[in-house]
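Heads up: the structure comes next, in structure tokens.
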Amino acid sequence: MRPLAILPSVLAADLANMGEAVREATAAGGDIVHIDVMDGHFVPNISFGQDMVRAIRRVTDRKLDVHLMIAPVDCYIEGFAAAGSDIITVHPEAGPHLHRSLALIRQLGKKAGVALNPATPVAAIEHVLDDVDLLLVMSVDPGFGGQAFIASSLEKLNILRAMTAGRDIEIEVDGGITPETAGPVAAAGANWLVAGSAIFKGGSAAYAANIAAIRKAAQRARGELV
Ligand code: DX5
Ligand code: ZN
């Protein structure tokens, strides 16, 4: 089984105190920092740009997992790589040539991911499996934190687990992850769990317990806890 990681999505952090929020969420057990980039065009919301990635890069040594919800995407990949991203994930609908986008990310020395919206079929990535390091299953329609988990993502995770067996590919899930949904997604094959509102609720004193609750539910589903 691939190692489990819990990824705080800083979209749900106190944006006026981003540096502190990143430090506190990682000190509280968050493994990798998930950064949602939204353009108000590909998704109906605007969030952060590459300057935010650069700013977060300065306050943590953790990996930065940058989820690009922008179209066109190709012309921004180099900038997000230079800003300090470790993993760059694109949506197949965000550019004309997914293979070219993934090749560019890898040429820049970064890990390449593809995100599948709830209605995007797994066939979209079937022929680029040699070109990806990560597959991200969106379990909500992208654009906002705090939405309800879409259960059909469990079937998609199961299919991707079978498709990627034996390959060096992380299976990430993003949207509506809580202590209640963490078990089912981990059982279906997700090993990187992104969570925004479920981690950042309750203020910094609650982050460690919030992260531990998600991690424990996932570990139990993976048979790692008795
Ligand atoms: C949604 C983003 C998510 C979001 C998740 O478009 O990709 O990363 O922050 O938020 P929660 O965990 O609150 O559903
Ligand atoms: Zn995201």
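The values are calculated or read from the model by the stated rules, or taken from the named source; none is laboratory data. Just so we're clear, the structure is a prediction, and the values are computed from it rather than from any experiment. Ideal geometry is used to build each Cβ from the backbone, glycine not excepted, and the neighbour counts take in all protein chains shown. What goes into the accessible areas is simple: the full protein's heavy atoms, side chains included, and nothing from ligands, DNA or RNA. Shrake-Rupley method; radii C 1.70, N 1.55, O 1.52, S 1.80 Å.
Table for the structure above
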read-out	value
Members of region 29-55 that are out of contact with any Asp or Glu (no Cβ under 7 Å at 6 or more places or on another chain), surrounded by fewer than 19 Cβ atoms within 10 Å (Cβ to Cβ) and of a type in the set (A, V, I, L, M)	Met52, Ala55
Residue check, Pro44 at pLDDT 95 or above, within 11 Å of ligand 1 (Cβ to nearest atom) and either within 17 Å of Thr89 (Cα to Cα) or not aromatic (Phe, Trp, Tyr) (or both)	yes
Options Ile105, Ile125, Ile88: the member that is under 18 Å from Asp65 (Cβ atoms) and within 15 Å of ligand 2 (Cβ to nearest atom)	Ile88
Single residue of region 132-152 satisfying the filter (within 13 Å of ligand 2 (Cβ to nearest atom) and in contact with a Ser or Thr (Cβ under 6 Å, 6 or more places away or on another chain)) that is nearest to His41 (Cα to Cα)	Gly145
Condition check for Glu180: assigned to a helix (DSSP H, G or I) and in contact with a Phe, Trp or Tyr (Cβ under 9 Å, 6 or more places away or on another chain)	yes
Residue match in region 187-204 (condition: among the basic types (Lys, Arg) and within 16 Å of ligand 2 (Cβ to nearest atom))	no
Test: residue in region 159-171 that is among the acidic types (Asp, Glu) and closer than 22 Å to Ala81 by Cα	yes
Restricting region 94-144 to residues that are part of a loop (DSSP other than H, G, I, E, B) and β-branched (Val, Ile, Thr), the residue that is nearest to ligand 1 (Cβ to nearest atom)	Val140
In region 194-226, the residues that are of a type in the set (A, V, I, L, M) and either touching a residue at least 40 places away in the same chain (Cβ under 8 Å) or open to solvent by 50 Å² or more (accessible area, probe 1.4 Å) (or both)	Val194, Ala195, Ile199, Ala205, Ala208, Ala209, Ile211, Ala212, Ile214, Ala218, Leu225, Val226
Residue in region 41-51 that is over 14 Å from the mean Cα position of the chain (by Cα) and among the aliphatic types (A, V, I, L, M) present	yes
Qualifying residue in region 164-174 (condition: within 14 Å of ligand 2 (Cβ to nearest atom) and either hydroxyl-bearing (Ser, Thr, Tyr) or on the phi > 0 side of the Ramachandran plot (or both))	no
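Quick grid of which residues meet (1) within 14 Å of ligand 2 (Cβ to nearest atom); (2) open to solvent by 50 Å² or more (accessible area, probe 1.4 Å); (3) without any contact (Cβ under 8 Å) to a residue 40 or more places away in the chain; (4) in contact with a helix residue (DSSP H, G or I) (Cβ under 9 Å, 6 or more places away or on another chain):
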| residue | (1), (2), (3), (4) |
| --- | --- |
| Leu4 | no, no, no, yes |
| Ala16 | no, yes, yes, no |
| Arg57 | no, yes, yes, no |
| Met69 | yes, no, no, yes |
| Cys75 | no, yes, yes, no |
| Ala82 | no, yes, yes, yes |
| Pro92 | no, no, yes, yes |
| Arg100 | no, yes, yes, yes |
| Gly109 | no, yes, yes, yes |
